[in-house]
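Peer 1: Right, I'll just put the structure down here and ask away after.
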Amino acid sequence: MLSADEYLDDFWPNFRQLDDVFWKLERIQSFRGEPSWVAMVEGDWDRSLKLVNDGCVPVRERERPAKRIRRRRIRIVEQPITPYLQWEMHLLALKVASEEQVRVLDAGEVAEIEVGRRLPELVVLGTVAMYEVTYDESGTHSGARRIDDREVISACQGELDKLFERGEELRPYYEREILPLPAPRVSV
């Protein structure tokens, strides 16, 4: 188990050693943190989207792996769309345009594998490491559980491949489900 700071300290050196697909599985419907998210919570949707756009331009040097890699993300969504998810979809639409393959799955499509608990938030760095990212009750990042067992990582990658194949491409989902929505309102 790693604290939030320990997770980031562990993540970046391993990310630079990434040797295969970078995977991210997102299941939680609401988080807290990012400056653009804070602007949205404060009611400034235009500033929030500007911060999203500004934040996606240059990738910081520490965020570059040693070689070009494939980045894949699976985003599980529930209805109605939460304000956080609406905000995040704008961010993901920008990432898809520049660097990431994102697929969307309705929560109902994973119900049969969510026996006893929801799917975890996962980050998989090829065969180097896997993290189950954790959040507290308020949705604030609290750390991660690092998993090094290559058999477990390989099995999870196989399941992620299956989910990815079942998912819908982000762009049509975004245009159909997200763009028509009015600016979200969040009560604090």
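The values are calculated or read from the model by the stated rules, or taken from the named source; none is laboratory data. Since this is a predicted model, take the numbers as computed values, not measurements. Cβ coordinates were reconstructed from backbone atoms using ideal geometry, including for glycine residues, and neighbour counts include every protein chain displayed. Note: areas computed on protein heavy atoms with side chains; ligands, DNA, RNA excluded. Shrake-Rupley method; radii C 1.70, N 1.55, O 1.52, S 1.80 Å.
Peer 1: Can you name every residue in the range 138-188 that is within 24 Å of V96 (Cα to Cα), free of Cβ contacts under 8 Å to residues at least 12 places away in the same chain and not acidic (D, E)?
Peer 2: Across the range 138-188, the qualifying residues are G158, K162, P172, R176, L179, P180, P182.
Peer 1: Sort out for me the helices (runs of 4 or more DSSP H) sitting completely within the range 77-188 that have 3 or more residues that are over 28 Å from R16 (Cα atoms).
Peer 2: 83-98, 170-173
Peer 1: Separate question: Give the residues of the range 11-25 that are of a type in the set (A, V, I, L, M) and at pLDDT 90 or above, sorted by residue number.
Peer 2: Hits for the range 11-25 are V21, L25.
Peer 1: Follow-up. Can you pull out every residue in the range 95-143 that is open to solvent by less than 50 Å² (accessible area, probe 1.4 Å) and in contact with a Ser or Thr (Cβ under 6 Å, 6 or more places away or on another chain)?
Peer 2: Within the range 95-143, T134, G139, G143 qualify.
Peer 1: All but one of (1) modelled with pLDDT under 90; (2) more than 23 Å from N14 (Cα to Cα); (3) under 16 Å from the mean Cα position of the chain (by Cα) hold for H141, so report the exception by its number.
Peer 2: Evaluating H141 over (1) modelled with pLDDT under 90; (2) more than 23 Å from N14 (Cα to Cα); (3) under 16 Å from the mean Cα position of the chain (by Cα) leaves (2) as the failure.
Peer 1: Looking only at the range 73-85, how many residues end up being surrounded by fewer than 20 Cβ atoms within 10 Å (Cβ to Cβ) and in contact with a helix residue (DSSP H, G or I) (Cβ under 6 Å, 6 or more places away or on another chain)?
Peer 2: Summing the residues that are surrounded by fewer than 20 Cβ atoms within 10 Å (Cβ to Cβ) and in contact with a helix residue (DSSP H, G or I) (Cβ under 6 Å, 6 or more places away or on another chain) in the range 73-85 gives 1.
Peer 1: Another question, then. Return the pairs, sorted by first residue and then second, in which the second residue is assigned to a helix (DSSP H, G or I) and modelled with pLDDT of 80 or more, the first residue lies in the range 91-105 and is under 16 Å from L25 (Cβ atoms) and of a type in the set (A, V, I, L, M), the beta carbons are less than 8 Å apart, and the residues are 6+ apart or on different chains.
Peer 2: Short answer, once both residue conditions are applied: L92/L170; L92/Y174; V102/L92; V102/L170; V104/L170; V104/Y173; L105/L163; L105/R166.
Peer 1: Tell me which residues, restricted to the range 142-172, are aromatic (F, W, Y) and closer than 14 Å to G126 by Cα.
Peer 2: none
Peer 1: If you check every pair at least six apart or on different chains, which have Cβ atoms under 8 Å apart with a residue in the range 106-135 that is more than 21 Å from R166 (Cα to Cα) first and a residue that is hydroxyl-bearing (S, T, Y) and not in a strand (DSSP E or B) second?
Peer 2: T127/S154; Y131/Y7; V133/Y7
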